[in-house]
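The values are calculated or read from the model by the stated rules, or taken from the named source; none is laboratory data. Keep in mind it's a predicted model, so treat the numbers as computed, not measured. In this analysis, Cβ positions are derived from the backbone assuming ideal geometry, glycine residues included, and neighbour counts consider all displayed protein chains.
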Amino acid sequence: MKRIVSFIVLIVAFLFAGCAQNQSYTSMDNAAFAKAISKKKVQLVDVRSKSEYEEGHIRRALNIDINNKSFVKIAEEKLNKKKPVAVYCRSGKRSKRAAVVLSEKGFTVYELDNGIKGWNGEVIVGSGDSKAKK
């Protein structure tokens, strides 16, 4: 019985260690994220749906929906692995998923911790450049 328990503990420890290694992205608050995306080399990605994106997004954000089955393929086609990628969603849940996926594919990733709902910067409405403040 002790061997079984020891074996289970060992397996669980390896699983947790593997999960911790997969989180190789940087989660940021508003101020740090705003500073990061102000740099021209940073690629900004809104990982919400198209309709959410059109309701309001951060200027220069490319919309690649994390729930699209082709998310990885689209990201690899449109993004440069040599440049950092900053991702956000509504509340931070989907952007964390996207950050894990992209970092596993070799991207350097910054993630807006609480999403656009907590964003205090400029928000663009629609697919064009009409401005609106949240």
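Can you name the helices (runs of 4 or more DSSP H) wholly within segment 38-134 that have at least 1 residues being modelled with pLDDT of 95 or more and within 15 Å of Tyr25 (Cβ to Cβ)?
Filter on segment 38-134 gives 71-78, 93-104.
Listed residues Val123, Val100; which is touching a residue at least 40 places away in the same chain (Cβ under 8 Å), surrounded by fewer than 18 Cβ atoms within 10 Å (Cβ to Cβ) and touching a strand residue (DSSP E or B) at 6+ places or on another chain (Cβ under 7 Å)?
On the way: Val100 fails: touching a strand residue (DSSP E or B) at 6+ places or on another chain (Cβ under 7 Å).
So the residue among Val123, Val100 that is touching a residue at least 40 places away in the same chain (Cβ under 8 Å), surrounded by fewer than 18 Cβ atoms within 10 Å (Cβ to Cβ) and touching a strand residue (DSSP E or B) at 6+ places or on another chain (Cβ under 7 Å) is Val123.
Which of (1) under 22 Å from Leu112 (Cβ atoms); (2) at pLDDT 60 or above does Ala20 not meet, given it meets every other one?
Checking Ala20 against (1) under 22 Å from Leu112 (Cβ atoms); (2) at pLDDT 60 or above, the one that fails is (2).
Given the options Arg59, Arg94, name the one that is among the charged types (D, E, K, R), touching a residue at least 24 places away in the same chain (Cβ under 8 Å) and surrounded by 17 or more Cβ atoms within 10 Å (Cβ to Cβ). Spell out the reasoning first.
Details: Arg59 fails: surrounded by 17 or more Cβ atoms within 10 Å (Cβ to Cβ).
Within the list Arg59, Arg94, the selection yields Arg94.
Within segment 62-89, can you find the residues that are more than 11 Å from the chain's Cα centre (by Cα) and in contact (Cβ under 8 Å) with a residue 24 or more places away in the chain?
Scanning segment 62-89 gives Asn67, Phe71, Val72, Ala75, Glu76, Leu79, Asn80, Lys81, Lys83, Pro84.
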